[in-house]
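For reference, the structure discussed in these notes is given below.
The values are calculated or read from the model by the stated rules, or taken from the named source; none is laboratory data. Just so you know, these numbers come straight off a predicted model, no measurement behind them. Note that we place each Cβ from the backbone using ideal geometry, even for glycine, and neighbour counts take in every protein chain shown.
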Amino acid sequence: MSRQMTRWLPTLIAAGLLTVGAMGGAAQGATPAATGDDHPAHIHLGTCTNLDPNPTYMLTDVTAPAAAAGASGEAAIPGEESVTTVDAALPDLRDGGYAINIHRSVEDIGTYIACGNLTSAGDGDTLVVGLGELNNSGHSGIAILTANGDQTDVHLYLAEGLAASGTTAATESSAAATPAAAASVDIHDLAFDPATIEIPAGSTVTWTNNDPVPHTATAHDRAALQSGTIHPGESFSQRFDTPGTFDYFCEFHANMKGTIVVH
């Protein structure tokens with residue numbers, strides 16, 4: 001998963017998302033008071049499609065750094081960020097069935113604007129996941145989790161309109177490099193959820209197996225999609241660069257079917 005998502009980093013830097021300035025890490029429990037522009041963020045048990053509403057770990061609110069607040073201009077997409085040190089080891093977050101969820105505001109805490117599943121089949125000291133748009137919020141971004149002994153440093157980067165097409169020369173010149181929001185497919189109860197996904201070319205789709213039995217995501221054209229065995233609790237990610245309709249199924253359970261439509 002990290003391999004595909006890491007490709008976002010140069011593009012996000014070019015888009016201005018990572019140029020908003022560094023923030024000091026905030027210890028868990030030291031979340032600053034929120035303003036109307038801040039987005040509360042938490043780590044929850046579950047997946048983005050089946051989230052436990054009670055957060056397990058509190059994260060610092062996602063907000064624009066003071067130096068960038070009120071800044072305007074067409075050369076860069078305004079970015080927001082958050083840094084938190086969480087009292088949990090990275091392997092526990094990676095393997096514990098968690099997701100990062102971002103809310104619209106304190107006043108509208110019930111509206112989720114972006115989410116990313118932490119489940120990954122990989123290892124190492126860094127986990128990079130996409131934060132996909134929710135509820136037509138226009139917000140998307142990435143989360144970078146870095147091992148810090150028995151704790152984990154969680155960096156969130158969020159922006160509005162990353163995947164939107166613009167009319168300015170700066171936007172047009174970088175349109176080909178603008179990343180699309182990641183899409184997620186939750187495998188549970190012997191079904192792909194959602195069964196059909198429509199994505200722009202260049203997007204990455206992640207399948208997460210939340211069933212107690214192994215599955216695959218296999219296209220009729222194996223060259224287009226072949227996940228191999230996705231064991232319970234593991235994920236598989238693939239980037240789709242070529243427009244088309246890709247029907248796929250589970251090789252262990254032929255009645256499980258899905259479709260990826262790439263525009």
**Request:** Would you please name the residue that is nearest to residue 200 (Cα to Cα), looking only at residues in the range 113-140 that are hydroxyl-bearing (Ser, Thr, Tyr) and crowded, with 19+ Cβ neighbours inside 10 Å?
**Result:** 140
**Prompt:** Within the range 95-109, is even one residue loosely packed, with under 15 Cβ neighbours inside 10 Å and either under 18 Å from residue 233 (Cα atoms) or in contact with a His (Cβ under 6 Å, 6 or more places away or on another chain) (or both)?
**Reply:** yes
**Message:** I need the full set of residues from the range 238-263 which are outside any strand (DSSP E or B) and under 28 Å from residue 142 (Cα atoms), in order please.
**Reply:** 241, 242, 243, 263
**From 204, 218, residue being outside the structural domain of residue 137 (by TED's automatic domain parsing), hydroxyl-bearing (Ser, Thr, Tyr) and either modelled with pLDDT under 95 or within 28 Å of residue 157 (Cβ to Cβ) (or both)** = 204
**Request:** Report, by residue number, each residue of the range 238-262 that is surrounded by 12 or more Cβ atoms within 10 Å (Cβ to Cβ), more than 20 Å from the chain's Cα centre (by Cα) and of a type outside the set (Ser, Thr, Tyr).
**Result:** 244, 246, 247, 249, 250, 251, 252, 253, 256, 257, 258
**Request:** Just give me the residues in the range 212-248 being among the aromatic types (Phe, Trp, Tyr) and over 25 Å from residue 99 (Cα atoms), in sequence order.
**Result:** 246, 248
**Asked** Is the range 138-156 home to any residue that is among the hydrophobic types (A, V, I, L, M, F, W, C) and touching a Cys at 6+ places or on another chain (Cβ under 7 Å)?
**Response** no
**Fill in**
For the range 197-237 the number of residues that are out of contact with any His (no Cβ under 7 Å at 6 or more places or on another chain), buried (at least 21 other Cβ atoms within 10 Å of the Cβ), part of a strand (DSSP E or B) and of a type in the set (A, V, I, L, M, F, W, C) is 3
